[in-house]
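To start, the structure itself, in structure tokens.
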Amino acid sequence: RPVVPPPDGVAIVVVDVATATVTALVGARVPRADGGDARGRPRSAGSTLKPFLYALALDRGGRDPVTRAGPLAAPPSVATPASEALAVSLNLPAVRLAAALPRDAFARLLGACGFARVRAPEGRRDADLALGTDDVTPLELAEAATALAAGGQHRPLRFAVDGPPAPP
């Protein structure tokens with residue numbers, strides 16, 4: 001009996017933002033017939049949710065949400081523009097920004113973006129979501145990122161060939 005390697009977790013979703021059409025979709029380094037497909041598998045979101053956090057803050061405040069949480073080596077009074085904090089994926093500014101939002105604001109936004117595994121709002125601070133503590137799938141992330149890139153206009157992903165892939 002052949003030895004089957006564990007799923008490698010690699011997933012790539014390429015979307016044409018103008019049409020919300022998936023133009024390329026990869027679910028593993030080596031295709032396998034036994035379902036080792038990572039396209040729809042949840043994984044920790046990590047820093048992939050930070051752009052949604054900063055978009056929410058900009059939408060609520062209408063200006064660059066400058067934070068007073070510079071890099072650890074900088075004094076706390078050093079302001080870090082959101083563009084810089086996001087570009088280098090600074091955690092402390094993101095957590096502080098999320099904590100400054102109304103309770104559940106970030107969780108509600110993520111739910112509205114279609115992230116099915118992000119916890120439901122529970123009337124508490126959700127600053128930990130800024131660090132990607134909840135799970136998302138590559139397809140959910142691609143659809144939400146497409147909406148973000150299209151100025152907030154959500155469109156379901158379309159598949160260029162045979163329709164949506166079967167869930168793993």
Subset of the stretch 95-128 [open to solvent by 50 Å² or more (accessible area, probe 1.4 Å), touching a Pro at 6+ places or on another chain (Cβ under 6 Å) and in a helix (DSSP H, G or I)]: ARG108
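Please work out if ALA145 is under 20 Å from ILE12 (Cα atoms) and open to solvent by 40 Å² or more (accessible area, probe 1.4 Å).
Yes: the conditions hold for ALA145.
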Suppose we keep only residues that are touching a strand residue (DSSP E or B) at 6+ places or on another chain (Cβ under 6 Å) and more than 23 Å from SER47 (Cα to Cα) within the stretch 124-168. Which one would you say is modelled with the lowest pLDDT? ALA160
In this structure, does VAL4 turn out to be open to solvent by less than 60 Å² (accessible area, probe 1.4 Å), on the phi < 0 side of the Ramachandran plot, modelled with pLDDT under 70 and not in a helix (DSSP H, G or I)? no
Considering each residue of the stretch 129-138, count those that are open to solvent by 40 Å² or more (accessible area, probe 1.4 Å) and either part of a helix (DSSP H, G or I) or within 22 Å of VAL14 (Cβ to Cβ) (or both), and give that number. 2
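So that you can scan it fast, the table gives a plain yes or no per residue for (1) in contact with a Leu (Cβ under 9 Å, 6 or more places away or on another chain); (2) at pLDDT 85 or above; (3) farther than 22 Å from ALA149 by Cα:
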site: VAL17; (1), (2), (3): no, yes, no
site: ALA38; (1), (2), (3): no, no, yes
site: ASP64; (1), (2), (3): yes, no, no
site: VAL118; (1), (2), (3): yes, yes, no
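The values are calculated or read from the model by the stated rules, or taken from the named source; none is laboratory data. Only a predicted model underlies this, so the values are computations on that prediction, with no experimental measurement involved. Positions of Cβ are generated from backbone atoms using ideal geometry, with glycine treated the same way; all protein chains shown enter the neighbour counts. Side chains are part of the model used for accessible areas, which takes the heavy atoms of the whole protein and leaves out ligands, DNA and RNA. Shrake-Rupley method; radii C 1.70, N 1.55, O 1.52, S 1.80 Å.
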